[in-house]
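Q: My questions will all concern the structure given below.
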Amino acid sequence: MKDKKIPANINLATRMGAGGKAAKTAAPILLALSLLFTWGNIDAYRTNGASITRLNAHLNLLEKKTAKQDHAALKPVDPKMLAKDIEFINELILRKTLSWTGLLTDLEAGVPRNVQILRISPVFEKSSVAVGGRAKKMSDVLAMVETMERAKRFKDVFLLKHSEDKGGMVLFTVSAGYSMKEGQ
């Protein structure tokens, strides 16, 4: 027998495939879900916008209250007390800037062998120092004054007072300006 060929007519354009019905049914459901989610986002946007507006209004109110409190907290300052505070702070700064090591080194270089330093008193307001001591002879005291005058950091060196004690030693006080920088 001869094989007979039977022609097949297949129209792919109109044929309902296995998933065609499901896609037509799913499309309206997906559309409904996307509209539902869109509505939820719009509602959340409105709610959040209202909350932000309320919070901004509350923040502005708090800023106004704080500004009033800040102005109320500012009290007039007594100029005398302020001047005392400034003077105290400046004195602290001067005390911190005095190099005791430098001062002692400079004094050591200018003190003759027969002179003993008994007291060093800085006067911070005047950037000066008072040096008290004793020496065997007045010439030793004068030699110390002359050496200090030649030093670069001492200026306006004066012998303020001198006297002799019971043992014949010369007691003295010398005043001098002292600068941390050489030649000032």
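Q: Would it be correct to say that GLU125 is assigned by TED's automatic domain parsing to the domain that holds LYS152, acidic (Asp, Glu) and within 37 Å of the chain's Cα centre (by Cα)? Steps first, answer last, please.
A: Numbers: assigned by TED's automatic domain parsing to the domain that holds LYS152: yes; acidic (Asp, Glu): yes; within 37 Å of the chain's Cα centre (by Cα): yes.
The answer is yes for GLU125.
Q: Here's a follow-up. What number of residues within region 152-170 are surrounded by 11 or more Cβ atoms within 10 Å (Cβ to Cβ), over 49 Å from the mean Cα position of the chain (by Cα) and not in a loop (DSSP other than H, G, I, E, B)?
A: Count: 3.
Q: From the set of residues in region 102-137 that are among the small types (Gly, Ala, Ser) and outside any strand (DSSP E or B), which is nearest to SER175 (Cα to Cα)? I'd like the intermediate steps shown before the answer.
A: To start, the set of residues in region 102-137 that are among the small types (Gly, Ala, Ser) comprises 102, 109-110, 121, 127-128, 130, 132-133, 135.
Of the ones still in play, those that are also outside any strand (DSSP E or B) are 102, 109-110, 127.
Numbers: GLY102: 17, ALA109: 17, GLY110: 14, SER127: 11 Å.
The selected residue is SER127.
The values are calculated or read from the model by the stated rules, or taken from the named source; none is laboratory data. Keep in mind it's a predicted model, so treat the numbers as computed, not measured. Heads up, the Cβs are rebuilt from the backbone with ideal geometry, glycines too, and the neighbour counts pull from every protein chain shown.
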